[in-house]
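Undergrad: Here it is, the structure, as structure tokens.
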Amino acid sequence: MGNFKHESSKIESAAKEIEFSGVIQVEKLNTPLIKRSFGYSNRSESLENNEETRFGIASGCKLFTAIAIVQLAEQGELSFDQKLSEVLDESFPHFDPEVTIHHLLTHTSGIPDYFDEDVMEDFEELWKDRPMYRMNSLTDFLPLFQNEKMKFSPGEKFHYNNAGFILLGLIVEKVSGRRFTDYISEEIFTKCGMTSSGYFPLDQLPGNTALGYIDEGDNWRTNIYSIPRVGGADGGAFTTAGDLSKLWASLFSFSLLREESVEKLLTLHSQEEEDDFYGYGIWITKREDSVFRYHIMGYDPGVSFHSAYYPAYYVTISVLSNKSEGAFDMLDAAEDHFLK
């Protein structure tokens, strides 16, 4: 167990050094050790971030999609070894017929991605030919990848894939008969008490929601033209540090999923690097042959995010930022400060 220190000098120093904008919250056994906000949610109006500010979390919400799939599996509505072609009616002419839901959940499907980081560095490039304001549903993403060829055979290796989670969201819609965002709101946000969370359109943000900022040297601009208008199954939800604590608590108290289903979600299904693994919608880091942290993260233009649960310490750390970088540095500082 760690030796917990309650002074926050390392956190303050890290925030100052990187000009962090956002919120950091550290809890042990649901007791706050630190909760601090930095920077501005709206720079034009000089509105400061506060502890209840909502932030975009980009790919961090892939966990929501995975939980939805596992819930439907619990109900017998689908199975993890079910083939994509057995669930969806959409045409994927070049996809391997052996691609399963399990492959999609673990980034091992080999299907083409609409944003492949090995090919494209700038996420904003996607919207040159297809305006971001037209991306209002999961089906709007299909033309970006459904007619492309496979990258490798299903199950061959891990390769992070956003398109796979678009397809998982479509599966949730098909099986549940509900719009994906409605399902997540009703079956996860409401059940966890995550009252500040949602898939809010960028041009209809509720109060106390941070605008995402892209720094360009001496200037800055918001990310409203840089990411899809509204989030979906692969990313783009908004939430708060407090709501994330409710999510972790609900997950590990088995109120969202049965215990055996949580174990399935947290199994080391695929491996990215030596100590970094992937479950269903969640990253898992090992140290000395045991799990150090379960974590979710997300990066978009104007968004950086990390949230983690450390089972050996009973600690949760969440860092939400409305800048493109900074969340990992703050997470690293918090780990160094509270888990030593």
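Undergrad: Quick one: which residue in L257, L247 is among the aliphatic types (A, V, I, L, M) and surrounded by fewer than 21 Cβ atoms within 10 Å (Cβ to Cβ)?
TA: Of L257, L247, the one residue that is among the aliphatic types (A, V, I, L, M) and surrounded by fewer than 21 Cβ atoms within 10 Å (Cβ to Cβ) is L257.
Undergrad: Could you look through region 16-64, keep only residues that are among the polar types (S, T, N, Q) and on the phi > 0 side of the Ramachandran plot, and pick out the one that is modelled with the highest pLDDT?
TA: S46
Undergrad: Return yes or no: is S307 out of contact with any Lys or Arg (no Cβ under 8 Å at 6 or more places or on another chain), free of Cβ contacts under 8 Å to residues at least 60 places away in the same chain and polar (S, T, N, Q)?
TA: No, not satisfied.
Undergrad: Exactly one condition in (1) modelled with pLDDT of 95 or more; (2) small (G, A, S); (3) part of a helix (DSSP H, G or I) is not met by S13; state its number.
TA: (1)
Undergrad: Please determine, by comparing only the residues of region 8-35 that are out of contact with any Lys or Arg (no Cβ under 8 Å at 6 or more places or on another chain) and hydroxyl-bearing (S, T, Y), which one is nearest to S250 (Cα to Cα).
TA: T31
Undergrad: Okay, moving on. Return a yes/no flag: does region 188-201 have any residue that is among the polar types (S, T, N, Q), free of Cβ contacts under 8 Å to residues at least 60 places away in the same chain and touching a Gly at 6+ places or on another chain (Cβ under 7 Å).
TA: Taking every residue of region 188-201 in turn, none turns out to be among the polar types (S, T, N, Q), free of Cβ contacts under 8 Å to residues at least 60 places away in the same chain and touching a Gly at 6+ places or on another chain (Cβ under 7 Å).
Undergrad: Also, quick follow-up: For region 291-315, how many residues meet the condition of being assigned to a strand (DSSP E or B) and under 23 Å from E19 (Cα atoms)?
TA: Of the residues in region 291-315, 11 are assigned to a strand (DSSP E or B) and under 23 Å from E19 (Cα atoms).
Undergrad: Let me ask something else. Check whether at least one residue in region 231-241 is surrounded by fewer than 22 Cβ atoms within 10 Å (Cβ to Cβ), touching a residue at least 24 places away in the same chain (Cβ under 8 Å) and not polar (S, T, N, Q), and report yes or no.
TA: Within region 231-241, not a single residue is surrounded by fewer than 22 Cβ atoms within 10 Å (Cβ to Cβ), touching a residue at least 24 places away in the same chain (Cβ under 8 Å) and not polar (S, T, N, Q).
Undergrad: Within region 203-230, work out how many residues are crowded, with 23+ Cβ neighbours inside 10 Å and either closer than 18 Å to S318 by Cα or at pLDDT 95 or above (or both).
TA: Within region 203-230, residues that are crowded, with 23+ Cβ neighbours inside 10 Å and either closer than 18 Å to S318 by Cα or at pLDDT 95 or above (or both) number 3.
Undergrad: Can you tell which of S59, S41 is in contact (Cβ under 8 Å) with a residue 60 or more places away in the chain, in a strand (DSSP E or B), hydroxyl-bearing (S, T, Y) and closer than 23 Å to G236 by Cα?
TA: Matching residue, one of S59, S41: S41.
Undergrad: Please pick out the residue among D118, D122 that is farther than 23 Å from D276 by Cα and modelled with pLDDT under 95.
TA: D122
Undergrad: Please state which one of F20, F80, F64 is in a loop (DSSP other than H, G, I, E, B), crowded, with 23+ Cβ neighbours inside 10 Å and in contact with a helix residue (DSSP H, G or I) (Cβ under 7 Å, 6 or more places away or on another chain).
TA: F20
Undergrad: Further, regarding this structure: Evaluate the following for Q82: is it farther than 26 Å from L244 by Cα and either within 23 Å of the chain's Cα centre (by Cα) or touching a residue at least 12 places away in the same chain (Cβ under 8 Å) (or both)?
TA: Here the answer is yes, as Q82 does meet what is asked.
Undergrad: Related question: For the structure I just gave you, tell me whether T267 is surrounded by fewer than 21 Cβ atoms within 10 Å (Cβ to Cβ) and outside any helix (DSSP H, G or I).
TA: It is true that T267 is surrounded by fewer than 21 Cβ atoms within 10 Å (Cβ to Cβ) and outside any helix (DSSP H, G or I).
The values are calculated or read from the model by the stated rules, or taken from the named source; none is laboratory data. Here the structure is a predicted model, which means the values were calculated and not measured. Note: ideal-geometry Cβ built from the backbone for every residue, glycine included; neighbour counts use all protein chains shown.
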